[in-house]
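These notes are about the structure you will find just below.
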Amino acid sequence: PDLEKPHEKWKYIGFQNARPETDFRAAGILGLRHLVCFAEHHTKLLRRILAEQRYPWAAASINVTEIYVTHLKLRVPQPRIAPIPMESIYDLQAFTWLAAGAARAHRDQKSNEWIALDLLHSLGVMMLDHLWNQRLEEDRTTNLLHFKMALMETSAVINVILRRRPDNLKALRSSFMDRLPPAYDDGKGIGTEDVKEQPSMQ
């Protein structure tokens, strides 16, 4: 569809109405970047998600971005109403260390300064997809009114993993993949390359 005109097709990929720009809220341009990044790196998974239509993928992806925007204090001022309440804030020094090491290791790639956050987002969407599908299988009465509960579960998992301070992208990716079914691990994309990243800050 024409980006400058409202179109019902935007709803198919999970926007809440025919004008997708109204959905980005606190995620801003970062939310758009993450949508594109996920589609480019996880095309097969995205096709499955869109074919099943179990939840609005675009809106869910933007919600995951908002979790990180809030969690890592990437927006000042913070959104008045955070999408998910956070029990504790991840140490920004640890994330900065991880992101800087990843940027240096991938210095030949465009926008390498965003690579750690791109990976975090993709893994967060995978976790959300898994937890939501698990809920649907366990309780047939589950519907989209319960989706925020899956977001809260995803946020809790993200919090646990980040507080362990993975010191490179492979370790970060492995921390998520250890909690996901094998079908989510295609062995490709960010965090699978054999590159030398900076040593742990521990």
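The values are calculated or read from the model by the stated rules, or taken from the named source; none is laboratory data. As the structure is a computational prediction, the values presented were derived from the model and not from experiment. Backbone-built Cβ (ideal geometry, glycine too); neighbour counts: all protein chains shown. Ligands, DNA and RNA are excluded from the accessible area calculation, which covers all protein heavy atoms including side chains. Shrake-Rupley method; radii C 1.70, N 1.55, O 1.52, S 1.80 Å.
If you check N159 against the conditions, is it among the polar types (S, T, N, Q), part of a helix (DSSP H, G or I), modelled with pLDDT of 95 or more and in contact with a helix residue (DSSP H, G or I) (Cβ under 9 Å, 6 or more places away or on another chain)? Quick ask: steps written out before the conclusion?
On the way: among the polar types (S, T, N, Q): yes; part of a helix (DSSP H, G or I): yes; modelled with pLDDT of 95 or more: no; in contact with a helix residue (DSSP H, G or I) (Cβ under 9 Å, 6 or more places away or on another chain): yes.
So N159 does not fit the description; no.
Condition test on D129, is it among the acidic types (D, E) and buried (at least 18 other Cβ atoms within 10 Å of the Cβ)? Reasoning before the result, please.
On the way: among the acidic types (D, E): yes; buried (at least 18 other Cβ atoms within 10 Å of the Cβ): yes.
Answer is yes for this residue.
Does the range 15-58 hold any residues that are in a loop (DSSP other than H, G, I, E, B) and more than 22 Å from W114 (Cβ to Cβ), and which are they? Spell out how you get there, then give the answer.
Here is the first cut: in the range 15-58, the ones in a loop (DSSP other than H, G, I, E, B) are 15-19, 24, 42, 53-56.
Listed by number, the residues that qualify are F15, Q16, N17, A18, R19, Q53, R54, Y55, P56.
Considering the range 15-45 alone, what residues qualify as being in contact (Cβ under 8 Å) with a residue 40 or more places away in the chain and open to solvent by less than 80 Å² (accessible area, probe 1.4 Å)?
Going residue by residue through the range 15-45, those that are in contact (Cβ under 8 Å) with a residue 40 or more places away in the chain are 15-16, 25-28, 30, 33-34, 37-38, 41-42, 44-45.
Across the range 15-45, the qualifying residues are F15, A26, A27, G28, L30, R33, H34, C37, F38, H41, H42, L45.
Find all pairs meeting these conditions: Cβ atoms under 9 angstrom apart; at least six residues apart or on different chains; first residue within the range 1-14 and under 14 Å from A59 (Cα atoms); second residue of a type in the set (F, W, Y) and modelled with pLDDT of 85 or more.
Within 9 Å, the pairs are I13/W57; G14/Y55; G14/W57.
Name the residues in the range 125-156 that are within 13 Å of the chain's Cα centre (by Cα) and at pLDDT below 95, would you?
Correct list: L151, T154, S155.
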